[in-house]
1. Can you pull out the residues in the range 1-55 that are over 19 Å from residue 66 (Cβ atoms), surrounded by fewer than 13 Cβ atoms within 10 Å (Cβ to Cβ) and touching a residue at least 40 places away in the same chain (Cβ under 8 Å)?
2. With respect to the numbered conditions (1) exposed (fewer than 13 other Cβ atoms within 10 Å of the Cβ); (2) without any contact (Cβ under 8 Å) to a residue 24 or more places away in the chain; (3) in a helix (DSSP H, G or I), which one is the sole condition not fulfilled by residue 97?
3. Please enumerate the residues belonging to the range 70-83 that are in a helix (DSSP H, G or I) and over 22 Å from residue 12 (Cβ atoms).
4. Out of 86, 57, 53, I need the residue that is closer than 16 Å to residue 14 by Cα and assigned to a strand (DSSP E or B). Which one?
5. Modelled with pLDDT of 90 or more and among the hydrophobic types (A, V, I, L, M, F, W, C): is that true of residue 70 in this structure?
6. Quick one: which of 61, 36, 26 is touching a strand residue (DSSP E or B) at 6+ places or on another chain (Cβ under 6 Å) and over 12 Å from residue 85 (Cα atoms)?
7. I'm checking my understanding of the structure. Among residues of the range 72-94 that are of a type in the set (Ser, Thr, Tyr) and in contact (Cβ under 8 Å) with a residue 24 or more places away in the chain, which one is farthest from residue 31 (Cα to Cα)?
Amino acid sequence: MAEDSHVQRVAAVQRIYLEHLALPFGRCYIDDSGNGVVAVLPPNVPEPDEKAVEKIVELRGDRLERILQADEQLSAVSIPAHAWSVATIGTTPRSRGT
């Protein structure tokens, strides 16, 4: 994520992923204490609409190329056909590392 307004950018991208992918197509889980969340996606989830993709690109800013390189590297990994993927994991600051 671009460095300027980093926290706001991360929050905005996470909201897009949750609203356009995880909630309508996948599953979201929060721990009992409310300190951690995970969103998982089934195989063959449709791409977000064009407007959402444009906003993601804008929010990534000067770090977009790094994400594209990571995606390219991950595309070479063999994944079972019916495997779900972890879309995002988040924690509250106080619970990081636990």
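The values are calculated or read from the model by the stated rules, or taken from the named source; none is laboratory data. This one's a predicted model, so the numbers in the text were calculated from it and none came from an experiment. We place every Cβ from the backbone using ideal geometry, glycine too, and count neighbours over all the protein chains shown.
1. 33, 34, 42, 43
2. The failed condition is (3).
3. Pass one, the range 70-83, residues in a helix (DSSP H, G or I): 70-75.
Once the filter is applied, which keeps residues that are in a helix (DSSP H, G or I) and over 22 Å from residue 12 (Cβ atoms), the range 70-83 yields 72, 73, 74, 75.
4. On the way: 57 fails: assigned to a strand (DSSP E or B); 53 fails: assigned to a strand (DSSP E or B).
Every option except 86 fails the conditions.
5. The answer is no for residue 70.
6. Working: 61 fails: touching a strand residue (DSSP E or B) at 6+ places or on another chain (Cβ under 6 Å); 26 fails: over 12 Å from residue 85 (Cα atoms).
Answer to the selection: 36.
7. Going residue by residue through the range 72-94, those that are of a type in the set (Ser, Thr, Tyr) are 75, 78, 85, 88, 91-92.
Next, from what is left, pick out any that are in contact (Cβ under 8 Å) with a residue 24 or more places away in the chain: 85, 88, 91-92.
Details: 85: 19, 88: 14, 91: 10, 92: 11 Å.
Of everything passing the filter in the range 72-94, 85 is farthest from residue 31 (Cα to Cα).
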